[in-house]
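First up is the structure itself, then whatever we jot down about it.
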Amino acid sequence: MAEQPALSFASLLRQLRSEARLTQEELAEAARLSPRSVSDLERGINSTARKDTALLLADALGLTGPVRNVFAEAARGRLPPADVIAALTASRNNLPTPVDSFVGRQMELGEIIEAIRTGRLVTLAGPGGSGKTRLALEAAASLVREFADGVWFVALATISDGQRLPGTVAQVLGVSDRADEDIVDTLRAWLRNRELLLILDNCEHVVEAACSFCERLLPACGRLRILATSREFLDLRGEHAIQTPPLAVPDDLALAPLSDAVQLFLARAAARAPWFRPDEADPGTVLQICRRLDGLPLAIELAAARLRALSLAQLAARLDDQFWLMTGGSRTEIPRQRTLEAVVAWSYNLLSEVEQRAFARLAVFPDHFTMDMAEAVVPGFGVGEPEVVDIVSRLVNKSLVITVNAPDGLRYQLLEMLRQYGWHRLIECGEADRIQERLFTWAMSGVEQLEMVIRTPDMDDALQHAAINAVTYRAAVRWADSHGKDGAALRVAAMVPLSLHGWERRTEILARLTRAEGEGQLDDVTAGHAWTAIANLCFEQSDWQASLQASTRAVEHFRAAGLPRLTAWAQYFCSISAWGVGPSAESEHLVAEVIANFRRERDDMGLGWSLCIASLRSADLEAAKQMAAEADELLRRAGVPMGVAHNLEGRGIIACERGELSEAANFLTQAIQAFASYGNIGCTAHALEAAAVVIATASHDRDRLAAELLTAAEQFRHQSGQQHRPWEKRARLGPLKDRIVAASATPGNATPDSAAPDTAARVPGRRYTLSVASMLAAEALQSLEAPYAS
């Protein structure tokens, strides 16, 4: 076979430009290059580009993060262009990487791919264990490059309430909810012009919610396609329904080598059993096993794993002796779902008694779990604590527990069908409630740890770790609800981000507060934390009055509990909420009191944050500068990077008012870069707006460039739902925004010197990324040198 020619950079650039739907002239304009430069690169006249040219092209093409860096290296001839395609493909999806080969089913795979290309809604339906998810993932992996905005996998197995489906989709896509707006409406607006494939996996238990979701989004989002997997079709208009049956098992022995079921069994057996040789296996016995398993992929994989301990003949014999008898009927009378249950039961019965107990108890986890979590729940009543690590490892080896790579390291999980089976065994042996109580005890221990580190530099990492376990914490809360433990349930809800969507979480905490108080289970500490959480959520939603009221309640409870440090923090939240409500003598007094309290408590983090806010509120610019400098020292010493970034923004605003524009530009450049590196779109938005104000302050000629930064900021605000603008609180800065907007709407007001940076502002429909906006701001701010400084 002839070797395929290597991809050239010229071909790569033409391909990426075509995918971005840009002409050469449009790409040149967006990159601020001459059309001749782009043309020479696309024709191969120039085989490489300079670094600055490469980065301008990358940003104009919408390439970000690692893809941007790889593109720049390829443009300079330091990496093969094919690496860019690989990096771009990886950045456009969240598809899990398969750990084993995909076997057979090429006809079904081709049908699914064609259906997705031609239809808007495709549903794969079939019995549990028939391989719907794997088929969907395999098809999606082939289509990543065909969707400009990616392919995104949404697992619904852990969603117990259909109302949570839209929020789960939003979380996967990184879409934040907005105050007083239905999350589906937010998603619809976000997806309206995006070319994207969404995979909704395991819809059967939330089928009505899935139908409603598809009906609301598809008509409004013309470039959106949805691939759903379910045990039943959605039965919606326009749905392309594809049945996903078990793998075909031929009756004719001569056809065995062509059977997908046989090929799957041989592949998995060879991978799981070191002694097994596919070419030496008796094809009749293999065919018999696959037939008795009804060709169900999950059943075949479980059976193949047993070859670690059994010969092929022993495996077939055990199926004869046990498999069908477990269902209480003949082979012809067994529904496929019962067949799979029998395979699980058979695997379960091969475990030792202590392994069976541990497996059933692990079913209490609705999501992935760590070994520490298993050790907190499994031991006792016949299972020793030192045995847990070894037992879990054995269950992994027997394919009853799978491993999962998570942000905090290796985790474990029971496949949903196995978890359901284990849960039924737990109920049968009368341990369900006792093990759920163990899970609740683990959850409360985690909450106690969070309460210890709250409002300290360790808080962010602790909350991030807790968020990974949000599904499990919610299961513990459900048990608490069913046992009348309303106060304890509130403690969990107030501390752990059970939902990443602020409006939903705010509503839940308020409801739980009312319930706990009504049941006489509300203590001051729990109430203080709950009201503080509500205050934070209200602040993020720009509901200043509600935030002030909630933080005031938190102050009362923490003070009653005799917790001066937490009282000071609640007062701090009062001060920033009051800032949003409007200036008053009372709020000014409160700021001074907060600073004094943090100094008394020797809380560097709290003092740094409060001095940052006080500096922005001060009318005395010299005092403001000194407070902000002290805040910088305190926040750096405490190790609070986001606090440092916020304070840098504040220092930039203060420097601007002092006429120190070069210093303001330096501070704001650092702040924007820090916010963008953390992916904080809400804070990047108001820092970009502050930068726009500083740029416009320097010269009227720069208003169009400032307006471009405001446009980028507005896009980020729409994504985040946050409206807080620190710079607008400075009376002399607010009016500049109107001037900038007015100038940007007036054609022909840019001077020749500003023509180059103004080019991007005229690109219609431009979508900004954090990296592009950060770069634009940095370039503009770096130009503010001594001539503009007073």
Report the relative contact order of region 598-652, percent, no decimals, based on alpha-carbon pairs under 8 angstrom and at least 6 residues apart. 37 percent
Please report, to one decimal in angstroms, the Kirkwood hydrodynamic radius of region 219-307 built from all distinct Cα-Cα pairs. 15.2 Å
Per the Kirkwood treatment, what hydrodynamic radius in Å, one decimal, follows for region 46-128 from the mean inverse distance over all distinct Cα pairs? 15.9 Å
Note on the chain: the mean projected area of its alpha-carbon convex hull, in nm², is 38.8 nm²
Can you give the Rg to Rh ratio for region 344-416, taking only C-alpha atoms and Rh from Kirkwood? 0.93
What is the distance in Å between the Cα centroid of region 524-553 and that of region 282-317? 59 Å
Among the GluC sites (Glu not before Pro) in region 494-528, which ones are in a DSSP loop with at most 15 other Cβ atoms within 10 Å of the Cβ? Mind listing them? 519
Against the longest alpha carbon principal axis of the chain, how many degrees, from 0 to 90 and to the nearest 10, is the axis of helix 207-217 turned? 40 degrees
Assign unit charges at the C-beta atoms only (+1 for Lys and Arg, -1 for Asp and Glu), then state the dipole size of the chain relative to its Cα centre in Debye, rounded to the nearest 20. 900 debye
Taking a ≥ b ≥ c as the square roots of the eigenvalues of the Cα gyration tensor, with a/c under 1.5 meaning rounded and otherwise prolate when a/b exceeds b/c and oblate if not, region 135-256 is prolate
Of the accessible area of the chain, with the probe set at 1.4 angstrom, what percent is carbon plus sulfur? 51 percent
For region 132-191, listing GluC sites (Glu not before Pro) in a DSSP loop whose Cβ sees at most 12 other Cβ atoms within 10 Å gives 181
Specify the angular offset, from 0 to 90 degrees and rounded to the nearest 10, of the alpha carbon long axis of helix 132-141 from the longest principal axis of the alpha carbons in the chain. 50 degrees
First check a/c for region 525-631, with a ≥ b ≥ c the square roots of the eigenvalues of its C-alpha gyration tensor; if it is under 1.5, answer rounded, and if not, answer prolate when a/b is larger than b/c or oblate otherwise. oblate
Apply the a/c threshold of 1.5 to the C-alpha gyration tensor of region 61-211 and tell me whether it is rounded, prolate or oblate. oblate
Looking at region 188-275, which chymotrypsin sites (Phe, Trp or Tyr not before Pro) are in a loop (DSSP not H, G, I, E or B) and have at most 11 other Cβ atoms within 10 Å? 275
Any idea how far the Cα center of region 616-642 sits from the one of region 706-721, in Å? 26 Å
Given a 1.4 angstrom probe, what's the average accessible area per residue across region 259-306, in square angstrom? 35 Å²
Ratio for region 602-642, C-alpha Rg to 2.2 N^0.38 Å, reads 1.08
For helix 459-468, report the angle its Cα long axis makes with the longest principal axis of the Cα atoms of the chain; keep it between 0 and 90° and round to the nearest 10°. 30 degrees
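The values are calculated or read from the model by the stated rules, or taken from the named source; none is laboratory data. None of these values were measured; they are calculated from a predicted model. Because the Cβ atoms are built from the backbone with ideal geometry, glycine has one as well, and the counts that use them run over all protein chains shown. These area figures cover heavy atoms from the full protein model, side chains too; ligands, DNA and RNA do not enter into them. Shrake-Rupley method; radii C 1.70, N 1.55, O 1.52, S 1.80 Å.
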